[in-house]
Amino acid sequence: REVIRMMSQKKQMQLPFPLHAMEPWAMGDEMFYNCKLGVIQYVFIIPFLAVATFICAAAGVYEGEQWYTVDLWISILACVSATYAIYCLITFYLSMQEELEASVSNALAKFLCVKAVVFFCFWQELVLQLVLMIGAMPETEQFSSRRLVGAIQEWLICFEMFVIAICFTLAYPVEEIIEMKTLNTKGDSYGTFNKDEDPNVV
C-alpha cells in the first residue's frame with residue numbers, strides 16, 4: 001500500500017510507446033495493479049503454453065512445414081506475453097523512477113541486463129521461426145533447414161551471453177559488491193568487543 005500511496009501523489013504520466021495514444025492509467029491503484037497483472041499473466045501463460053506444446057507434440061501436430069503449424073503460434077503467444085510483461089515492468093519503473101534510482105544505483109541498467117537474457121531468446125526464436133516458415137532458410141547436405149535454424153539460435157545465444165556478460169560488469173560493478181560486503185561486515189560486528197581489551201570482563 002505504501003507504493004500505491006507514493007504513486008498516487010505523483011504527476012500523471014503517459015504510457016510508453018507503443019501504447020502512448022491510449023488513455024493513461026491513473027497514478028495509484030490503476031497503475032500499480034495494471035503493471036502487476038501485466039507481469040503475472042506471463043507466469044500463467046508460459047506454463048499453459050508448455051502443456052499445450054507437450055500435448056501437440058504427443059499428437060504429432062506440433063511441427064510442420066506449413067505456416068499455420070502449432071509451434072509458430074505458440075511462439076507468437078509466448079513472445080506477446082513476454083513483451084507485454086517487460087512493457088509493464090518498464091512502465092512501473094518509469095512511474096517510480098526517482099524512488100528506485102535513489103535506493104538502487106543503475107536500477108534501469110540492472111533490470112535490462114537481467115531481462116535481456118530471457119526476452120532476447122523469445123524474440124529471436126520467433127524471427128527464426130518466421131524465416132523457416134517462409135522458406136528463406138537454405139538446406140545443405142549436412143543440415144536440414146530446421147536444424148540450421150537451431151544452430152543459428154544456439155550461436156546467437158552464445159554471442160548474446162558474451163555481450164550481456166560485459167553489460168553485467170558495468171551494471172553490477174565489483175566496487176559496489178565490495179562496498180555492500182563492507183557494510184554487512186560492519187553491521188555484523190557492531191556491538192562486539194574483545195574480552196582481552198576489557199579488564200572488567202572475567
Practice problem: For region 38-165, just say rounded, prolate or oblate: build the C-alpha gyration tensor, square-root its eigenvalues into a ≥ b ≥ c, call rounded for a/c under 1.5, and beyond that prolate if a/b exceeds b/c, oblate if not. | Solution: oblate
Quiz item: Hey, rough spin-label estimate for ILE90 and ILE157, points 7 angstrom out along Cα→Cβ, what's it come to in nanometres?
Solution: 2.4
Quiz item: Between TRP73 and THR169, what length in nm is gained on full extension when 0.36 nm per residue of separation is reduced by their alpha carbon distance?
Solution: 30.9 nm
Self-check item: For region 1-43: relative contact order, % (alpha-carbon pairs under 8 angstrom, 6 or more apart)
Solution: 35
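Lys and Arg at +1, Asp and Glu at -1: add these up for the other residues within a Cβ distance under 12 Å of ALA107 and post the number.
Working: positive: LYS110; negative: GLU98, GLU99, GLU101.
Neighbour charge sum, excluding ALA107 itself: -2.
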Self-check item: Computed lengthening from VAL43 to VAL114, 0.36 nm per intervening residue step minus Cα-Cα distance
Solution: 23.9 nm
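Leaving out ligands and nucleic acids, and using a 1.4 Å probe, what accessible area per residue does the chain come to in Å²? Walk me through the intermediate numbers first.
Numbers: 13760 Å² over 202 residues.
For the chain, the per-residue accessible area is 68 Å².
Among the helices of the chain (complete DSSP H runs), which have Cα atoms covering no less than 24 Å along the helix axis and a Kyte-Doolittle mean of at least 0.0?
On the way: long enough: 29-59 (44 Å, 1.36); 70-95 (38 Å, 1.64); 107-133 (39 Å, 1.78); 145-171 (38 Å, 1.34).
Sorted by number, the helices that extend far enough and score high enough are 29-59, 70-95, 107-133, 145-171.
When Rg is the radius of gyration of the Cα atoms in region 67-107 and Rh is its Kirkwood radius, what does Rg/Rh come to?
On the way: Rg = 16.0 Å, Rh = 12.2 Å.
That ratio equals 1.31.
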Quiz prompt | Rg and Dmax [Cα atoms of region 1-82; Å; Rg one decimal, Dmax integer] | solution = 18.4, 55
Exercise. Grab the beta carbon distance between GLU139 and ALA59, set R0 = 25 Å, and tell me the FRET efficiency rounded to 0.05.
Key: 0.40
Self-check item: Qualifying GluC sites (Glu not before Pro) for region 137-176 [loop in DSSP, other Cβ within 10 Å: at most 15]
Solution: GLU139, GLU141
Exercise. Compute the longest continuous run of the chain that contains no exposed trypsin sites (Lys or Arg not before Pro); treat a site as exposed when its DSSP state is not H, G, I, E or B and it has at most 10 other Cβ atoms within 10 Å.
Key: 12-202
Quiz item: Under 18 Å from a point 7 Å along the Cα-to-Cβ line of ARG1: which residues of region 18-44 have their amide N that close?
Solution: 28-33
Quiz item: For the pair VAL80 and THR182, how long in nm is the line joining their label points, each one 7 Å along Cα→Cβ?
Solution: 5.1
Exercise. Show that you can apply the helix-only estimate: for the chain, add -39,500 (n - 2.57) for every DSSP H stretch of four or more residues, divide by all residues, and state [θ] at 222 nm to the nearest 500.
Key: -24000 deg cm²/dmol
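The values are calculated or read from the model by the stated rules, or taken from the named source; none is laboratory data. Keep in mind that this is a model prediction, so the values were computed, not measured. Glycine also receives a Cβ, built like all others from the backbone with ideal geometry; neighbour counts cover every protein chain displayed. With ligands, DNA and RNA removed, areas are computed over all heavy atoms of the protein, side chains included. Shrake-Rupley method; radii C 1.70, N 1.55, O 1.52, S 1.80 Å.
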